[in-house]
Amino acid sequence: MKTAYELAMERLVKTAPAVKLTAAQKKALAELDSKYAATIAGREIALQDEMARAAGDFEKVGALREQLANERKKLQAELEEKKDAVRRPAGK
């Protein structure tokens, strides 16, 4: 007897089969991950330095935290778009 999870996974494979990535695609995805991780880390460090300088000004610290969250979200979305482009077959 199969579990609900196993049945769901079988249906998923039938509707959207897994895409095999080439070595070049895997390398490109790894490079994108690395590049964006470094970019995000750099922005976090810069904004954390600004937060440390504005330690007494709670409004400014809050605004900087919000800016950091927005930038991280934007960069993650940009990364996913680029990864989708790499995963997409060349003809589509």
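The values are calculated or read from the model by the stated rules, or taken from the named source; none is laboratory data. For clarity, every value in this text was computed on a predicted model and none was experimentally measured. Every residue, glycine as well, gets a Cβ built from its backbone with ideal geometry; the counts of neighbours run over all protein chains shown.
A few points about this structure:
- Scan of segment 11-45 for residues that are surrounded by fewer than 11 Cβ atoms within 10 Å (Cβ to Cβ), aliphatic (A, V, I, L, M) and within 23 Å of the chain's Cα centre (by Cα), ordered by number: Ala16, Ala18, Val19, Ala23, Ala24, Ala30, Ala38, Ala41, Ile45
Table: residues versus (1) closer than 22 Å to Val86 by Cβ; (2) in a helix (DSSP H, G or I); (3) acidic (Asp, Glu).
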| position | (1), (2), (3) |
| --- | --- |
| Glu31 | yes, yes, yes |
| Ile45 | no, yes, no |
| Lys60 | no, yes, no |
| Leu64 | no, yes, no |
| Leu75 | yes, yes, no |
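- Residues located in segment 15-34, provided they are among the polar types (S, T, N, Q) and under 21 Å from Glu78 (Cβ atoms): Gln25, Ser34
- Cβ-Cβ under 9 Å pairs, at least 6 apart or on other chains, segment 35-64 side closer than 17 Å to Gln76 by Cβ, far side exposed (fewer than 13 other Cβ atoms within 10 Å of the Cβ): Tyr36/Gln76; Ile40/Gln76
- Residue count for segment 2-21, restricted to those that are modelled with pLDDT of 90 or more and either closer than 22 Å to Glu80 by Cα or not in a helix (DSSP H, G or I) (or both): 1
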